[in-house]
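The values are calculated or read from the model by the stated rules, or taken from the named source; none is laboratory data. Bear in mind that the values here come from a model prediction, so they are computed numbers and not experimental data. Ideal geometry is used to build each Cβ from the backbone, glycine not excepted, and the neighbour counts take in all protein chains shown. Surface accessibility is based on the protein's heavy atoms, side chains included, excluding ligands, DNA and RNA. Shrake-Rupley method; radii C 1.70, N 1.55, O 1.52, S 1.80 Å.
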Amino acid sequence: MDEPIPVTRAVDHGTAKLMPDVDRKRAWLLTVDGAPQSYVDLDAPTHLEFEYARRLGHVLDTVAEPEAALDVLHLGGGALTLPRYAAATRPGSRQDVVEADRGLLSLVGEYLPVPDDAGITLHGADARAWLEAAPADSADILIADVFGGARVPAHLTSTAYALAAARVLRADGVYLANLADAAPFAFLRSQLATFSTVFEELALIAEPGVLRGRRFGNAVLVASHRPLDTAALARRTASDAFPARVEHGLALREFISAAEPVRDENAVPSPEPPDGAFSIG
């Protein structure tokens, strides 16, 4: 049988590459302009390779009864890692995936297609524009994993955006976002301050070394109107192969400190990662 070979294609927002994993028969790494975007094993959709994806998976596992079907909205598509995971772990879920890069959607659809019966619908659109036009109270979970290159776009960081997300979520819905920052965490603190103006409950999941300011890295923001099961989440994240910490309550309020919520007029993208933070050879 022929070995899979790398695929390189110009997409709307850069150069995408699909690279086969030599250790897993039908697994692929997606990069855009050298920045890793997604890892997918077509034979094992519950395998989450990236640390931040594992943490998003932990939240998905603990927000509702096991295997209960959910309505999930994904902002940012990549290679559809989390939609595949949710389809496998929560059969019958209805999922919408919004990805601005139509060329990337085409590439993923050609080489890494999802089964027709997976309940996953793809939309080529800007995340915020789609969100603002989406029906109210239509999602149980909203997962934001949108990066322009290696930065979260500015228009997905403001209170107006947070309000749009809250409008689409049901009363007991949960918002998740993959963010990236480093000490002194001006961006991360501002995002927590922003979402605290809209949601009553917040949590932050990150690797301890990132929280201690030792390196640039990902952090998962969790927001909801209902109490989060932070104890169950903390157990899962602490016992993971890549342990992480869950911050909430007083510790999180102290972390936010005097950070101000972000308005549309002063929104900025997340910081540029330092050389080598996420790139691969």
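What does the accessible area per residue of the range 38-82 come to in Å², with a 1.4 Å probe and no ligands, DNA or RNA counted?
32 Å²
By DSSP, what percent of the beta bridges with both residues in the chain are antiparallel, rounded to the nearest 5? Looking only at bridges with both residues in the chain, the antiparallel portion is about 65 percent. Each residue of the range 30-42 is assigned a 3J(HN,Hα), and the resulting list reads 9, 10, 10, 6, x, 8, x, 10, 7, 10, 9, 10, 5 Hz, derived from the Karplus form 6.51 cos²θ - 1.76 cosθ + 1.60 (θ = phi - 60°), x at Gly and Pro. The charge dipole of the range 156-229, taken about its Cα centre with unit charges on the Cβ of Lys, Arg, Asp and Glu (plus for the first two, minus for the last two), comes to roughly 200 debye.
Note on the chain: with charges restricted to the Cβ of Lys and Arg (+1) and Asp and Glu (-1), its dipole about the Cα centre is near 560 debye.
Dipole of the range 1-154 computed with +1 at Lys/Arg Cβ and -1 at Asp/Glu Cβ about the Cα centre; of Pro115, Ala139, Gly14, farthest Cα towards the positive end is Gly14. At each listed q (0.21, 0.22 Å⁻¹), what is the log10 of I(q)/I(0) that the Debye formula gives for the range 1-127 modelled as equal alpha-carbon point scatterers? Log10 of I(q)/I(0), two decimals: -1.30, -1.41.
Taking a ≥ b ≥ c as the square roots of the eigenvalues of the alpha carbon gyration tensor, the chain is rounded, as a/c is under 1.5. Excluding ligands, DNA and RNA, the accessible surface per residue across the range 142-270 is 41 Å² with a 1.4 Å probe. Using a probe radius of 1.4 angstrom, the carbon and sulfur fraction of the accessible surface of the chain is 51%.
Dividing the summed helix terms, -39500 (n - 2.57) for each DSSP H run of n ≥ 4, by the number of residues in the chain produces a 222 nm estimate of -8000 deg cm²/dmol to the nearest 500. When Rg and the Kirkwood radius Rh are both evaluated on Cα atoms of the range 1-67, their ratio Rg/Rh stands at 1.06.
Note on the range 243-275 and the range 102-145: Cα centroid distance 26 Å, given to the nearest whole angstrom.
The alpha carbon radius of gyration of the range 97-228, expressed as a multiple of 2.2 N^0.38 Å, is 1.12.
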